[in-house]
1. Projecting each Cα onto the charge dipole of segment 54-104 (Lys/Arg +1, Asp/Glu -1 at the beta carbon, about the Cα centre), which of GLY86, PRO59, THR101 comes out farthest on the positive side?
2. For ALA329 and GLU247 in the same chain, what is the full-extension length gain: residue separation times 0.36 nm, less their Cα-Cα distance, in nm?
3. If segment 71-158 were replaced by its equivalent ellipsoid, with semi-axes equal to the square roots of 5 times the Cα gyration tensor eigenvalues, what would those be, largest first, whole Å?
4. Hey, how many Å between the Cα centroid of segment 75-128 and the Cα centroid of segment 256-312?
5. With 10 angstrom as the radius, rank ASP171, ASP395 by how many other C-beta atoms surround their C-beta, starting from the fewest.
6. Collect residues whose amide H, placed 1.01 Å from N in the peptide plane, falls under 5 Å from the amide H of TYR335; neighbours closer than 5 in sequence don't count.
7. For the residues HIS157, HIS353, HIS262, HIS90, what sequence is obtained by ranking on other C-beta atoms within 10 Å, fewest first?
8. Which aspartates and glutamates have a Cα lying under 19 Å from the Cα of LYS70, excluding residues fewer than 8 positions away in the same chain?
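Every number in this text was worked out from the coordinates using simple rules, so none of it is lab data. None of these values were measured; they are calculated from a predicted model. All Cβ positions, glycine included, derive from the backbone under ideal geometry; neighbour counts span all protein chains shown.
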Amino acid sequence: MHRRTATGAIALGSALLSLGAVVPAQAAHGTTGGSTTERTAATGTPAERAAGAPTATTPDTEALRAVLRKALTQGAPGAMARIDDGGATHRIAEGLADRDTLRPLSTADRFRVGSVSKTFTTVVVLQLVAEGALELDTPVNHYLPELLPDDRITVRHLLNHRSGLWDYTNDLFQRTVPGFEAVRERVFTPRELVGLSLTRTPSPAPGTAYSYSNTNFVVAGMLIEEVTGASVGRAYRSRIIEPLDLENTTYVHPETGIPGRHARGYLTPDEAGAPLVDSTRQTASWAQAAGAVISNTGDLNRFFKALLGGRLLPEAQLTEMLRWSPTNAAGTQFYGLGLRRRDLSCGVSVYGHTGTVQGYYTYAFTSRDGKRSVSALANTSNNGTVLTTMAGVLDATFCGTGTGTGAAGAKANGADGARGAAPAPSARTGSEAVYEDIAPGVARR
Ligand code: REY
């Protein structure tokens with residue numbers, strides 16, 4: 001169980017890819033560790049799993065451009081999206097990659113993908129599950145003795161945000177720019193980050209409720225390192241980046257620069273009217289396996305297409321990934337294992353993740369069959385108005401023309417469901433929970 005399997009694991013990943021096939025489906029587990037998750041899209045035939053309305057015949061690229069332009073009027077220096085739709089590719093970029101040189105943003109530019117990294121981490125963990133090196137319903141402390149104060153916290157609870165572990169970023173980033181500057185150059189060990197979390201008693205009890213926390217994925221990264229005997233970065237490379245040939249995807253922690261041509265990131269200060277802070281250069285050590293991957297739109301589309309297309313995980317593990325907990329009251333946003341589902345205004349369900357690191361908002365989602373994918377970036381953050389606007393990218397892409405409400409439908413889904421169903425601490429930072437509590441006109445431009 002507790003064995004190091006780096007080599008075997010790589011072999012499995014490659015075998016799956018080269019065969020281009022998935023292993024036969026297995027019966028799903030009867031329970032999910034005490035959770036109340038639904039299994040809407042997890043069982044049945046592939047056709048049944050693709051429940052919901054079909055994606056629109058064509059993406060609405062004009063609506064998409066309008067969304068990106070709107071983000072610029074709301075304070076983003078640049079905004080862009082790339083759609084891969086069968087054989088067709090649509091690339092739209094508006095505004096600037098660099099406010100100093102005035103270089104225009106390009107959809108080829110790299111950027112910090114934030115919590116989209118959580119899907120990468122989950123793929124590695126689930127590959128290790130498939131190989132027998134980890135078990136989803138085994139306590140984390142079995143693999144990392146005495147790390148956590150509650151033996152009931154399982155591997156699954158990390159991946160579906162039901163551990164109750166406090167999100168240490170609540171404390172780090174209460175004040176946005178000072179918080180960022182305090183960690184810009186910091187190099188944390190994963191244990192230090194877990195230590196920051198454990199200054200608070202985990203709550204709610206393991207398995208009982210969804211509560212989004214970066215701590216979960218820092219611990220998931222520790223599990224990967226424990227059972228493979230190698231770094232998280234190496235696991236991403238050998239199991240995802242190299243097999244999928246993701247040439248623009250890197251994990252350089254704790255290097256502070258983004259290698260290659262990239263968009264600069266601009267953090268919006270809390271104080272209205274204060275100038276944007278160039279936040280490109282940072283270790284991202286506060287995020288690590290929860291959020292420090294660098295990529296670009298083409299690579300993210302390729303990653304999610306491969307994942308939903310069954311090329312990264314055996315069917316049994318993909319099925320586990322697609323067991324949903326609702327994360328917002330409206331019942332339009334869900335979390336699986338390291339994966340979000342959003343039900344769009346036109347009835348289409350899309351699968352992917354969002355990401356926020358200082359200076360970068362990312363959306364990366366794909367259809368259930370992996371055939372249509374979109375990745376989008378606005379190179380600012382801490383600007384809830386831009387975050388909400390960028391959700392319109394999903395409607396423009398998947399509802400397209402004639403099937404739904406187009407970009408306007410984004411309103412129905414609101415901003416990111418990251419911490420939606422969790423009780424939002426008043427000090428909660430960097431999430432829609434804060435923005436829901438503050439009148440938009442007061443909070444941000
Ligand atoms: C941290 C704060 C956001 C970002 C976070 N990101 O947890 C993870 C994710 C990796 O889910 C920062 N906000 C901002 C503040 C608010 O500092 N006071 O918006 O850049 O992607």
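1. THR101
2. Details: separation 82, 0.36 × 82 = 29.52 nm, distance 3.90 nm.
Stretched fully, the ALA329-GLU247 segment lengthens by 25.6 nm.
3. On the way: eigenvalues 340, 63, 21 Å².
After scaling each eigenvalue by five and taking roots: 41, 18, 10 Å.
4. Distance between centres, Cα-based: 8 Å.
5. Details: ASP171 15, ASP395 32.
Final ranking by Cβ density, sparse to dense: ASP171, ASP395.
6. Those lying under 5 Å, H to H, from TYR335 are SER325, THR327, ARG341.
7. Values: HIS157 29, HIS353 25, HIS262 22, HIS90 17.
With the sparsest Cβ surroundings first, the list reads HIS90, HIS262, HIS353, HIS157.
8. ASP60, GLU62, GLU94, ASP98, ASP395, ASP416, GLU432
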